[in-house]
Amino acid sequence: MDKHKVDIVIKNQNYTIVTDTSPEEVIALSNGINSMLDEIMASGKVTLTQALVLVSLDLAEKAKGFKEQADDYKSRIADYLEDAERAMTERDRYKRENEKLKTSLSGKI
């Protein structure tokens with residue numbers, strides 16, 4: 001993948017990010033972080049550092065939830081694949097049985 005050098009601003013602090021992610025996506029993410037920080041700091045009772053910690057915790061919690069959800073989906077898919085494999089094995093068994101019956105019946109007619 002191509003590396004992109006992206007300049008972003010988080011609460012009036014400039015950062016340069018080197019990433020595989022598109023510049024537009026990185027800028028959108030930084031805008032989202034700024035919005036979260038603005039919301040937390042709106043009361044005037046929270047410092048930037050405290051707001052950054054709260055945003056980090058919130059994002060970490062969401063990431064953990066998404067990982068757990070992805071793991072659950074992977075487990076379900078594995079179960080579905082096992083079920084499909086059993087169904088195909090059973091189908092093949094019935095096909096063989098059907099062929100045997102056809103052969104048996106054709107010899108009697």
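Hey, of (1) 61, 18, 9; (2) 22, 18, 12; (3) 37, 15, 12, which did the structure itself give for semi-axes √(5λ) of the Cα gyration tensor in Å when calculated?
Computed from these coordinates, semi-axes √(5λ) of the Cα gyration tensor in Å corresponds to label (1).
So with the 1.4 Å probe, I'd like the accessible area per residue for the chain, rounded to whole Å².
84
In terms of Cα to Cα distance under 23 Å, which lysines are near enough to residue 45, apart from those fewer than 8 places away along the same chain?
Counting by Cα, and skipping residues close in sequence, residue 45 has these lysines nearby: 11.
Hey, any idea what % of the chain's accessible area is carbon plus sulfur with a 1.4 Å probe?
57
Would you list which lysines come within 20 Å of residue 74, measuring only between C-alpha atoms, while excluding same-chain residues fewer than 8 positions from it?
62, 64
Just to confirm my numbers, what's the Cα centroid distance between the range 15-34 and the range 42-109 in Å?
31
Of 11, 67, 95, which has the largest mean-square fluctuation in a 10 Å C-alpha GNM of the chain?
95
Name the aspartates and glutamates eligible as straight-distance cross-link partners of residue 100: C-alpha to C-alpha under 19 Å, and not fewer than 8 places from it in the same chain.
90, 92
Would you please put 70-81, 16-27 in order of how densely packed they are, using the mean number of other Cβ atoms within 10 angstrom per residue and starting with the highest?
Final packing ranking: 16-27, 70-81.
The values are calculated or read from the model by the stated rules, or taken from the named source; none is laboratory data. Treat the numbers as computed from the prediction; the structure is a model and nothing was measured. All Cβ positions, glycine included, derive from the backbone under ideal geometry; neighbour counts span all protein chains shown. These accessible areas exclude ligands, DNA and RNA; they are computed on the full protein's heavy atoms, side chains included. Shrake-Rupley method; radii C 1.70, N 1.55, O 1.52, S 1.80 Å.
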